[in-house]
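The values are calculated or read from the model by the stated rules, or taken from the named source; none is laboratory data. Keep in mind that what you see is a predicted model, and the values were worked out from it rather than measured. When we count neighbours, we look across all protein chains shown, and the Cβ atoms used for this are built from the backbone with ideal geometry, even at glycine. Note: accessible area is taken over every heavy atom of the protein model, side chains too, but ligands, DNA and RNA are not part of it. Shrake-Rupley method; radii C 1.70, N 1.55, O 1.52, S 1.80 Å.
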Amino acid sequence: MIFIHDTRQSLVAAVYLVNTLPGFDGEDTLQTVDDFEAYLAVNPYTGTIRRDRQEIDALRAVRPRLRALWDVDRDGAVPLVNEMLSDGRALPRLVTHDDEDWHIHATADDAPLATRVLVEAAMAFVDVIRADEYDRVRVCSADDCDAVYIDYSRNSSKRYCDTGNCGNRMNVNAYRERRARQSA
Ligand SMILES: [Zn+2]
Ligand SMILES: [Zn+2]
């Protein structure tokens, strides 16, 4: 296992959020309450969730800050992560709730959701940086896709995101190109 369970959960949530930003396809997929509910269904949060416009807009607004983590290397990520922790007034403590084992919450349960999401992502990136695994923080290699992902594969060999079926699409393209060259 590359990252421990709760770190990975937080990374999955950060990737989800960043990939709702309008990419090459130009569509923002975190706009409506339904979009928000879809995010929460995959990435459940404890603590206060108000489900109002203000909360959705605040969550939308943290996305560019998270996206910036994919534009930097390990050293470049450090000031971004530190700033997120201090802006969110992170104060780590160990907690256990529901059927979750001991893990870290670094914000109050009634802090705004956007703050909790930002700090949680920052805490996860603290682990990525400390483990010296920042080369796993990647943007999809497909020509027509700029979705982000984290490579959890053992040999660090993943090249495409999980959102757009990009691996299959690029394989089909390569196959067609090979065929076209052979018949030329
Ligand atoms: Zn928790
Ligand atoms: Zn992709």
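Okay, here's what the table says:
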{"read-out": "Filter result for the condition that a residue is within 12 Å of ligand 1 (Cβ to nearest atom) and closer than 21 Å to LEU17 by Cβ, over HIS103, HIS97", "value": "HIS103"}
{"read-out": "Selection within region 78-116 - of a type in the set (Asp, Glu) and either surrounded by 12 or more Cβ atoms within 10 Å (Cβ to Cβ) or on the phi > 0 side of the Ramachandran plot (or both)", "value": "GLU83, ASP87, ASP98, GLU100, ASP109"}
{"read-out": "Of residues in region 2-21 being within 15 Å of PHE36 (Cα to Cα) and in a helix (DSSP H, G or I), the one farthest from ligand 1 (Cβ to nearest atom)", "value": "VAL18"}
{"read-out": "Yes/no for LEU21 being touching a Pro at 6+ places or on another chain (Cβ under 9 Å) and buried (at least 16 other Cβ atoms within 10 Å of the Cβ)", "value": "yes"}
{"read-out": "Failed item in (1) away from ligand 1 (no atom under 16 Å from the Cβ); (2) within 23 Å of ASP35 (Cβ to Cβ); (3) open to solvent by 60 Å² or more (accessible area, probe 1.4 Å), with GLU120 passing the rest", "value": "(1)"}
{"read-out": "Subset of region 17-37 [without any contact (Cβ under 8 Å) to a residue 40 or more places away in the chain and either in contact with a Gly (Cβ under 8 Å, 6 or more places away or on another chain) or among the hydroxyl-bearing types (Ser, Thr, Tyr) (or both)]", "value": "THR29, THR32"}
{"read-out": "Every residue from region 135-184 that is more than 26 Å from ILE4 (Cα to Cα), charged (D, E, K, R) and near ligand 2 (Cβ under 9 Å from one of its atoms)", "value": "ASP144, ASP146, ARG169"}
{"read-out": "Residue satisfying all of: in region 42-59; of a type outside the set (Val, Ile, Thr) and open to solvent by 80 Å² or more (accessible area, probe 1.4 Å); nearest to VAL119 (Cα to Cα) among these", "value": "PRO44"}
